[in-house]
Amino acid sequence: MTKARASNGELADYDRPPVIEVVYGAKFVPLNAWKVPHVGLFWKRIIDEFPRCEQAFPIPGTEFLDPSTGLPLPRVWLINAADDHLVQLQAGRFLFNWRRRAGTTPYPRYKILSDRFFGLYHEFQRFVAENRLGEIEFSEYELTYINHVFEQEGWMFPDHIGRVMEHLSWDKGRYRFLRQPSAINWQARFDFPEGPGVLQVKFSPARHAQEGKDLLVLELSARGLPAESPLNNMKAWFAHAHRWIVRGFEDLTSEEAQKMLWGKHERR
C-alpha cells in the first residue's frame, strides 16, 4: 500500500501521539572547572520550577573524573513538582526531558518543549559564563522520542507486528521452515544527507510494569555534530532533527496504525 504523504513541507500530526518521553541533549567537552557545588548554585536559579533533586549514575561512556581530585562527578536530576519535566546536569552534558505521567497533560508539542529547552539551556550558558567555568565546546546534539505502542483488540504481538511496522510483516504465504518469531528486536541507522548526523531507530517488545500490558517500544533518536554541519545554528539543528523524527515515524509505521491508533491528520 502506498502511503499518503504530507506535501508542501507539512508534517503529519496526531490527536493521540504515542510518545511517552522526549529528550533534548547537548554534549560538550567537559568543563575542567566544574565542581559538585556548581550544581547547587545552578539549582538555586531554577529551584522554584524544579524543587526536587536526585543523584544518578553518569550516562555510560561519559563518566568524567575531577582533574584536581580524581573523583568521579555525578549526574544530577532537577525535577519539577509534576514529575514530568527534568533537567540533567553532568560534566560535559546538559539534558532536558519531558516524560508522560499519569494525571499530567499529554505531549505538549514540539514548539513548547523546544522553547523550554532553549530557555533552560541559555540560563545554564549564562551561569557558566558568570562563574568563569570555561567555554562550552559542543561535540554533539541529541533529540530523542520514545513511543509506546500497546496491544489492542485483534492486535497481538508479534503475530500482528506488521499492522504497526509494515516492513516487519512475517510472510506466511509460502512454506517456511522457521515459524513466526516469538520476539522481534530491530534497529537501523539513517544518515542525514545534509551533513554529519544520523537518525537511529530501535524497535523492541517490552512489558509495562505498572499496567501489566505487553507493548512495543519505538525509539527515534537524531544525533549530530553541529560544528561540521551546515546546520550549525542550534535551533536550526533541532528543528531539522525534529522533522526527521516526525517524517521517519510516518515512514516506518503503517497508515492503519497512524489513523486508527493515533488519530493522524495533516497540518503544518
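Every number here is computed from the coordinates shown, using simple stated rules; none is lab data. Because the structure is a prediction, the values reported are computed rather than measured. Note that each Cβ is placed from the backbone with ideal geometry, even for glycine, and that neighbours are counted across all protein chains shown.
Quick check on my link table: of K111/K235; K111/K259; K111/K264, which ones sit more than 21 Å apart, alpha carbon to alpha carbon? Show your work: numbers first, answer last.
Details: K111/K235 11 Å; K111/K259 23 Å; K111/K264 19 Å.
The answer is K111/K259.
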Completion exercise
So the angle from the long Cα axis of helix 110-130 to the longest Cα principal axis of the chain, reported in degrees to the nearest 10, equals 20
Exercise for the section: Please find, in a Gaussian network model of the chain (springs between Cα atoms separated by less than 10 Å), the residue of L220, L31, L143 whose mean-square fluctuation is greatest. Expected result: L31
Exercise for the section: Would you look at the GNM of the chain, springs on alpha carbons closer than 10 Å, and say which of Q90, Q258, Q55 moves the most? Expected result: Q55
Problem - Ratio of Rg to Rh over the chain (Cα coordinates, Kirkwood Rh, two decimals) - result: 1.01
Completion exercise
Here the gain from full extension of E49 to W186, 0.36 nm per residue of separation minus their alpha-carbon distance, amounts to 45.5 nm
Practice task
Measure nothing but the geometry: give the 0 to 90° angle between the long axis through the Cα atoms of 36-46 and the longest principal axis through the Cα atoms of the chain, rounded to 10°.
Solution key: 70
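Please list the equivalent ellipsoid semi-axes of the stretch 68-160, computed as the square roots of five times the alpha-carbon gyration tensor eigenvalues, in descending order and whole angstrom. Walk me through the intermediate numbers first.
Values: eigenvalues 235, 56, 36 Å².
Largest first, the stretch 68-160 gives 34, 17, 13 Å.
Where does the chain land at 222 nm, in deg cm²/dmol rounded to the nearest 500, when only DSSP H runs of n ≥ 4 count, each adding -39500 (n - 2.57), divided by all residues?
On the way: 4 runs with 57 residues, N = 268.
-7000 deg cm²/dmol, from helical runs alone.
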Problem - V198, V19 arranged by Cβ crowding within 10 Å, fewest neighbours leading - result: V198, V19
Practice task
Using only Cα atoms, find the angle between the long axis of helix 234-252 and the longest principal axis of the chain, and express it within 0 to 90 degrees, rounded to the nearest 10.
Solution key: 20
Problem - Listed residues N147, N185, N32, most fluctuating in the chain (Gaussian network, C-alpha, under 10 Å) - result: N185
